[in-house]
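Working notes, structure below.
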Amino acid sequence: MQKVTESEMIIMDLIWDAGKKVNSAYVIGNLPENVKWKMTTVTTFLSRLTGRGMLKIVEKKGRTNFYLPTMSREEYSLRVTRDAMLGTGIGPIKNLIASLYKTNDINKKSIANLKDWLSDEGFADESKEE
């Protein structure tokens with residue numbers, strides 16, 4: 001899956017937050033104050049996102065398309081993370097966590113929370129069986 005651009009992510013965030021089908025007028029009307037896009041720019045982004053499979057057209061009224069996301073924000077984040085790990089050859093999750101720790105993107109408390117989650121999910125027991 002191709003990662004969306006920063007500009008496209010602005011639109012995806014608006015649509016995810018809306019929680020309903022939206023059209024280009026909705027997007028224009030809900031852009032952050034610092035984003036001054038014209039309607040043609042928004043429709044171009046919506047078309048690209050549809051072509052990439054991030055959005056689907058669920059209704060047409062005249063020349064107006066209504067869009068819904070094809071996946072949740074969480075599903076997208078998981079796919080991007082997975083693709084990044086596989087694409088960079090990071091390999092074992094241990095290397096990823098070590099890298100995050102070395103760059104201060106994760107701290108000891110986060111690691112403790114991860115250990116607790118792994119234990120709750122039953123992963124701690126599986127490692128003893130190998």
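Odds and ends about this structure:
- FRET efficiency for Lys61 and Thr81, using Cβ-Cβ distance with R0 set to 35 Å, rounded to 0.05: 0.45
- Segment Ala98-Ser7, extension gain: residue separation times 0.36 nm, minus the distance between their alpha carbons: 29.7 nm
- Prolate/oblate/rounded call for region 6-69, Cα gyration tensor, a/c under 1.5 rounded: rounded
- From phi via Karplus (6.51, -1.76, 1.60), per-residue ³J(HN,Hα) for region 62-68 in Hz, x at Gly/Pro: x, 9, 9, 9, 10, 10, 9
- Nearest-ten-degree value, helix 39-51 long axis tilted from longest Cα axis of the chain: 50 degrees
- Using the Cβ-Cβ distance between Glu121 and Trp37 with R0 set to 35 Å, the FRET efficiency works out to roughly 0.25.
- Residues with amide H under 5 Å from that of Asn65, placed H, sequence gap 5 or more: Ser24
- Each of Asp105, Asp13 was scored by other Cβ atoms within 10 Å of its Cβ. Listed from fewest to most, they are Asp105, Asp13.
- Residues Tyr76, Tyr67, Tyr26 in ascending order of nearby Cβ atoms (within 10 Å, fewest first): Tyr26, Tyr76, Tyr67.
- Karplus (6.51, -1.76, 1.60) ³J(HN,Hα), θ = phi - 60°, over region 26-31, in Hz, Gly and Pro reported as x: 4, 4, 4, x, 10, 5
- Over 23 Å (Cα to Cα) - which of Lys3/Lys115; Lys21/Lys61; Lys38/Lys60; Lys3/Lys60; Lys3/Lys108 fall in this group: Lys3/Lys115; Lys3/Lys60; Lys3/Lys108
We did not get these values from a lab; they are worked out from the coordinates using the rules stated. Source: prediction; values computed, not measured. Here Cβ is always computed from backbone atoms with ideal geometry, including for glycine, and neighbour counts include all displayed protein chains.
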